[in-house]
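The values are calculated or read from the model by the stated rules, or taken from the named source; none is laboratory data. As the structure is a computational prediction, the values presented were derived from the model and not from experiment. Note: ideal-geometry Cβ built from the backbone for every residue, glycine included; neighbour counts use all protein chains shown. All accessible areas refer to the heavy atoms of the entire protein, side chains included, with ligands and DNA or RNA removed. Shrake-Rupley method; radii C 1.70, N 1.55, O 1.52, S 1.80 Å.
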Amino acid sequence: MVTNVAIDCFQKEWEYCAGDFIRIFVRYTGGEDAFAFGITKDDPQNIAAYYIEGGITFFIEETDIWYLDNRNLTIDCRNGEIVFDRG
């Protein structure tokens, strides 16, 4: 799920618009939880999961779905920052 606040942020600050494909990917960060989500505009290859809001398609590729670990993902914006909540 992508909250309305996050959609507003993506449209106003990141200049994403209807028709864009936004990949949610796993990146190595080190630290206590060695991995985190990142986002980038990208063309889908092997979509494992997707969510469409505001005409924008957010997707996770098959190679990155493992990080969800059967949890739900909510993308939100708090204090001007995009956050990923795995619940």
In segment 47-87, what count of residues is obtained for those that are without any contact (Cβ under 8 Å) to a residue 60 or more places away in the chain and at positive phi?
5
Does at least one position in segment 23-43 carry a residue that is closer than 12 Å to V2 by Cβ, open to solvent by less than 50 Å² (accessible area, probe 1.4 Å) and touching a residue at least 60 places away in the same chain (Cβ under 8 Å)?
yes
Given the condition of a type outside the set (S, T, N, Q), over 15 Å from V83 (Cα atoms) and touching a helix residue (DSSP H, G or I) at 6+ places or on another chain (Cβ under 8 Å), answer yes or no: does some residue in segment 36-43 qualify?
no
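Can you say whether Y16 is among the hydroxyl-bearing types (S, T, Y) and surrounded by fewer than 12 Cβ atoms within 10 Å (Cβ to Cβ), as far as the supplied structure shows?
no
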Quick count over segment 44-87, residues being open to solvent by 100 Å² or more (accessible area, probe 1.4 Å) and farther than 16 Å from R23 by Cβ, is 5
Checking N4 against (1) touching a Leu at 6+ places or on another chain (Cβ under 9 Å); (2) over 16 Å from F84 (Cβ atoms): exactly one of these is not met. Which one?
(1)
